[in-house]
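Structure first, commentary second.
The values are calculated or read from the model by the stated rules, or taken from the named source; none is laboratory data. Every value quoted in this text rests on a predicted model; they were computed, and no experiment measured them. Please note: Cβ atoms are built from the backbone with ideal geometry, for glycine as well, and neighbour counts cover all protein chains shown. Ligands, DNA and RNA are excluded from the accessible area calculation, which covers all protein heavy atoms including side chains. Shrake-Rupley method; radii C 1.70, N 1.55, O 1.52, S 1.80 Å.
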Amino acid sequence: MAYKLYYWDGIPGRGEFVRLALEEAGADYVDVAREPDGQEGGTTAMLKLLMDGEGAAIPFAPPFLKDGDLLISHVANILFYLGPKLGLAPEEEDLRFVANGLQLTITDFVTEIHDTHHPIGVSLYYEDQKPEALRRSSDFLSERLPKFLGYFERVLRQNAKGAGHIVGDRLSYVDLSLFQLVEGLRYAFPKAMRSYEANIPRLIALHDAVAMRPNIRNYLASERRLSFNEAGIFRHYPELDQHS
């Protein structure tokens, strides 16, 4: 039975971290909200699950995944579940918790990236909070981006299990998520990233290695890969992109 992934149509967003794992593994899955709208597909089907008045485990928001009758929400939780099934998690149980911790750190980072363009409230347009966004982005690029990326670089350097991977001795879903982080940051803050990437050579090498994997390369060239845009998490507003 195919996995069913639920996320907003038209934006890569948080759902992309799950898509990359499914695509790398060659898993059979349906991107439900991108299907024709109706009872079983499209945004209608996704909202129906979100608004379920009887379910005891309804998700708060996308992304969420259905595997048979099991419904799983939150990116890190979904990947913690999928990782062993897809061969994208360490075999050792203790390292699986390390991987989950890294993915949760990515979740924290993604929230801070989002807040560069929406520092006041998600109900407001970017144009309604531009002065605050400029101030938030300046702090993000000077303080938070180096701190997070420097942390992942240090973990890569100190991983004694396998050079070129963030945890364990083989590709994991965390490696795929770090690829997406670099891709998104390059889109949102191209100037800042160009000035900072020399400080994170291992992370950039990991990004490049993931991009060359056959299944990922084919996915990136396909129509299934959604382009970054100004409706998602990673948004490019030139005025917010400064040299860090």
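About its Cα centre, how strong a charge dipole does the range 66-204 have in debye, to the nearest 20, once Lys and Arg get +1 and Asp and Glu get -1 at the Cβ?
Result for the range 66-204 is approximately 460 debye, rounded to the nearest 20.
Beyond 20 Å, what share of the Cα-Cα pairs of the range 110-244 is found? Please give it as a whole percent.
49
May I ask you to list the lysines whose Cα is less than 22 Å away from that of LYS48, ignoring any residue fewer than eight positions away on the same chain?
Cross-link targets: LYS4, LYS66.
Spin-label point model (7 Å from Cα, Cβ direction): what's the GLU127 to ASN218 distance in nm?
Computed distance between label sites GLU127 and ASN218 equals 4.4 nm.
Need one number: nm distance between label points at GLU54 and GLU239, each 7 Å from Cα along Cα→Cβ, rounded to one decimal.
Rounded to a tenth, the inter-label distance reads 5.1 nm.
Debye calculation, C-alpha points only, no solvent: report log10 I(q)/I(0) for the range 164-244 at q = 0.18, 0.20 Å⁻¹, in the same order as the q values.
Log10 I(q)/I(0), no solvent term: -0.84, -0.99.
Answer with one residue from ILE120, VAL110, ASN159: the one whose Cα lies farthest towards the positive end of the charge dipole of the range 105-191, charges on Cβ with Lys, Arg +1 and Asp, Glu -1.
Ranked along the dipole, the leading option is ASN159.
Could the peptides 207-220, 181-194 be put in order, highest first, of the mean number of other beta-carbon atoms found within 10 Å of their residues?
Highest mean packing first, the order is 181-194, 207-220.
Looking only at Cα atoms, what is the convex hull volume of the range 40-90 per residue, in Å³?
For the range 40-90, the hull spanned by Cα atoms encloses 92 Å³ per residue.
Convex hull over the Cα atoms of the range 1-140, averaged projected area in nm²?
10.3
Bin all alpha-carbon pair distances of the range 76-129 at 5 Å intervals from 0 and give each bin's fraction as a whole percent.
Bins of 5 Å from zero give 4, 19, 19, 14, 11, 10, 9, 8, 4, 1 percent of pairs.
Thinking of the range 75-171 as a set of Cα atoms, what percent of all their pairs are more than 23 Å apart?
So the portion of pairs separated by more than 23 Å is 41 percent.
Quick one: how many Å² of THR44 are accessible to a 1.4 Å probe, rounded to 10?
THR44 exposes around 70 Å² with every protein chain in place.
Project the alpha carbons of the chain onto their principal axes and report the range along each, largest first, in whole Å.
48, 48, 33
Kirkwood hydrodynamic radius, the range 1-51, all distinct C-alpha pairs: what's the number in Å?
Answer for the range 1-51: a Kirkwood hydrodynamic radius of 11.2 Å.
Could you check how much of the accessible area of the chain is carbon and sulfur, as a whole percent, using a 1.4 Å probe?
51
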